Amino acid sequence: MEVEPHTHFLSGDEFLLREPGFAFYYRKGHGVTVDRYDDADPAEEALYLHGSVYAAVACINGLMPVHASGVVINGKVIAFSGPAGAGKSTLVAAMTRLGFPLFCDDTLLLAVAENGLATCLPGHKRMKLWPDSVELTESVALDVVSADYAKYYVTPAGGDVAQPLPLGALVFLEPGEAGSEPALIPVTGGEKIARLDDDHYTRALFDKVTRHTRAQRFALHAALAKHISVWRYVRNKDKDNFWPPIRYLAEALSDMTAS
């Protein structure tokens, strides 16, 4: 059948994605097949493989994706979540500059046990930053991601970790008022459960695979909330005062995960 660009199908253990220049097909146990058309931009292939395809393959194999970027502090994963533009990758790049290794960029994969305990599985290590974030975080810009996506790949200054680890905390990034001091605020009770109800496309794929009812989705989030430490990090995104809030956060998270 003819599949239009920007279209995907997910059914059972199969996933098909059609994007300009490419078609990606995955079937559990058979790997990913890529068709490249005449108008394919080779630089964009990795974007799809590390994005929609990566998330779909994870879901089909029983893993739960979370829209987050993470570093490792004291042997635990600290994952930063928030909508596009919240500064997840910029924050993580800065944290790696302070010596904390990268765990994942943009998508965190969780293996969730029946009791709600979650183990973080390491993701791909190609970080992407806008030019101003490269400068702010003192990163070294490598290749441009693609002609239509002017982010740069960067190497995490603190190295990376490629082994499963426990989740130390899930931190949601929120903007603060101009001139305000940074604050790390605990999330508890029902808000904690609600915060896990992600509306990112990766969770839409997860829901399509699991076919959870609303009650089952709530039960999953409630089970996870028992074991996950959830926080809000509210800070003023002042480029002229970039590093002090980062150092504050690094110290607070180091103290939190020390025990």
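Overview of values
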{"read-out": "Test: residue in the range 168-181 that is touching a residue at least 40 places away in the same chain (Cβ under 8 Å), in a helix (DSSP H, G or I), among the hydroxyl-bearing types (Ser, Thr, Tyr) and in contact with a strand residue (DSSP E or B) (Cβ under 8 Å, 6 or more places away or on another chain)", "value": "no"}
{"read-out": "Within the range 156-167, considering residues that are part of a strand (DSSP E or B) and among the hydrophobic types (A, V, I, L, M, F, W, C), the one surrounded by the most Cβ atoms within 10 Å (Cβ to Cβ)", "value": "167"}
{"read-out": "Test result for residue 196, under 19 Å from residue 227 (Cα atoms) and either β-branched (Val, Ile, Thr) or out of contact with any Asp or Glu (no Cβ under 8 Å at 6 or more places or on another chain) (or both)", "value": "yes"}
{"read-out": "Within the range 124-152, considering residues that are closer than 23 Å to residue 73 by Cβ and touching a Pro at 6+ places or on another chain (Cβ under 9 Å), the one surrounded by the fewest Cβ atoms within 10 Å (Cβ to Cβ)", "value": "125"}
{"read-out": "Residues of the range 182-211 satisfying the condition of being of a type in the set (Val, Ile, Thr), in a helix (DSSP H, G or I) and either at positive phi or out of contact with any helix residue (DSSP H, G or I) (no Cβ under 6 Å at 6 or more places or on another chain) (or both)", "value": "210"}
{"read-out": "Neighbours by Cβ (under 9 Å, 6+ apart or cross-chain): first from the range 135-159, farther than 19 Å from residue 44 by Cα; second basic (Lys, Arg) and buried (at least 16 other Cβ atoms within 10 Å of the Cβ)", "value": "137/97; 138/97; 139/97; 156/97; 156/125; 157/97; 158/97"}
{"read-out": "Residue match in the range 234-249 (condition: within 23 Å of residue 76 (Cβ to Cβ), out of contact with any Phe, Trp or Tyr (no Cβ under 8 Å at 6 or more places or on another chain), at pLDDT 90 or above and assigned to a loop (DSSP other than H, G, I, E, B))", "value": "no"}
{"read-out": "Failed condition for residue 246, given (1) surrounded by 12 or more Cβ atoms within 10 Å (Cβ to Cβ); (2) over 23 Å from residue 71 (Cα atoms)", "value": "(2)"}
{"read-out": "Hits in the range 7-37 (condition: in contact with a Gly (Cβ under 8 Å, 6 or more places away or on another chain), farther than 15 Å from residue 205 by Cα and not in a strand (DSSP E or B))", "value": "37"}
{"read-out": "Filtered residues of the range 67-105 (kept if part of a helix (DSSP H, G or I), in contact with a Phe, Trp or Tyr (Cβ under 7 Å, 6 or more places away or on another chain) and not β-branched (Val, Ile, Thr))", "value": "88, 91"}
{"read-out": "Residue 246 of a type in the set (A, V, I, L, M, F, W, C) and more than 25 Å from residue 115 (Cβ to Cβ)", "value": "yes"}
{"read-out": "Among (1) without any contact (Cβ under 8 Å) to a residue 24 or more places away in the chain; (2) exposed (fewer than 12 other Cβ atoms within 10 Å of the Cβ) - the single one residue 207 does not satisfy", "value": "(2)"}
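The values are calculated or read from the model by the stated rules, or taken from the named source; none is laboratory data. The structure presented is a predicted model; accordingly, all values stated were derived computationally and were not measured. Cβ atoms come from the backbone with ideal geometry, glycine included; neighbour counts cover every protein chain shown.
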